[in-house]
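The values are calculated or read from the model by the stated rules, or taken from the named source; none is laboratory data. Bear in mind the structure is a predicted one, so any value in this text is a computation, not a measurement. A quick note on method: Cβ atoms are made from the backbone with ideal geometry, for glycine too, and the neighbour counts reach across all protein chains shown. Surface areas here come from the heavy atoms of the whole protein model, side chains and all, with no ligands, DNA or RNA. Shrake-Rupley method; radii C 1.70, N 1.55, O 1.52, S 1.80 Å.
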Amino acid sequence: GFTFYQPTSSLNEIDQSAEVDFQRSLSPNALLTLSDSFQDSSTSFGFGNLATGVGSQGVPLSVTPGLTPPFTQRLSNVANAEVTLQTGRDSMIGAMGQATLLHYPNSSVVPDLYDGNSRGGGAFVSRRFTRNQYAGFIYRYADMLTNPSGTNETETQTHDFSVFYTMYLASEIPFSIVVGPQHYSVKQFPLATRNAWTPAVAASIGWHGDYASYALSYSQSVTGAGGLLGAYHSKTAAAALRWQVSPMWSAGVSGEYANNRSVNSNLLSNIQNGHTIDGSVMVERTL
């Protein structure tokens, strides 16, 4: 695609995106899932963070802190891998890994945003104890590095120990909640390393009917990278609604609010505290 800016034509660019999803049955009870998403653009379209559902066995999808820098070319790539094993009629175990990349080619245009990358993984145990209820335990680890080639490099490491519960209020209404302690460690030169514990929460609910659907999500945790220095207490709420207006027309609306606050007022990242609000409206006609 192409993006044209007026009157600042120097920001014109070619937009690129690619997505790959792959699944393979390793055995009758084991499944491998791989995915990769690449985007190179300066527009905010297509960079949404809405968590519109749940993952394997009711594990809620993770939510990225809201940051929508306008008019700034950025290149991002997210790679995921997951292996799940059905250990019994009502039990499952799994492991997952993720690697991300964020790069601003024209760093002089955005002096307060920084390149970053992250890697991490985890494992979960899930058990169904009624026909429509699941529960289990999740462990996640993440290593997030901001400005890996610069002088203000910061590294944030997190360990999450969480229990989750998922209930299908009806066949089309899943509700999930994840809660547990999170340990984080922040290294920001020349300051001393900061270590602390904090509660982490994520919840989501969705509904899909014949003519309408909606999704709501909320999360709070400590995270890093995403273009900002340091680590942040991040709170994000998102909502999406779509409905079939007629057999040929459909419409939708979505929105998100994020609040980022530095974990330590003494850290250099404290000047980047702030809020993000974004939304979109969609209209579609079947040809």
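Some observations on this one:
- Stretch gain in nm, segment Y257-N29, where the contour uses 0.36 nm per residue and the Cα spacing is subtracted: 78.1 nm
- Ordering L169, L31 by accessible surface, largest first, gives L169, L31; the 1.4 Å probe counts only protein heavy atoms, with every chain in place.
- With protein chains left intact and a 1.4 Å probe, residues in the range 113-248 average 50 Å² of accessible area per residue.
- Applying D = kT/(6 pi eta Rh) to the range 169-258, where Rh is the Kirkwood radius over alpha-carbon pairs, T corresponds to 4 °C and eta to 1.567 mPa s, the Stokes-Einstein value obtained is 82 µm²/s.
- Accessible area of the chain belonging to carbon and sulfur atoms, whole % at 1.4 Å probe: 58 percent
- Within the chain, the longest run free of GluC sites (Glu not before Pro) that sit in a DSSP loop with at most 16 other Cβ atoms within 10 Å is 1-152.
- Label-point separation in nm, F189 to R285, each point 7 Å along Cα→Cβ: 5.9 nm
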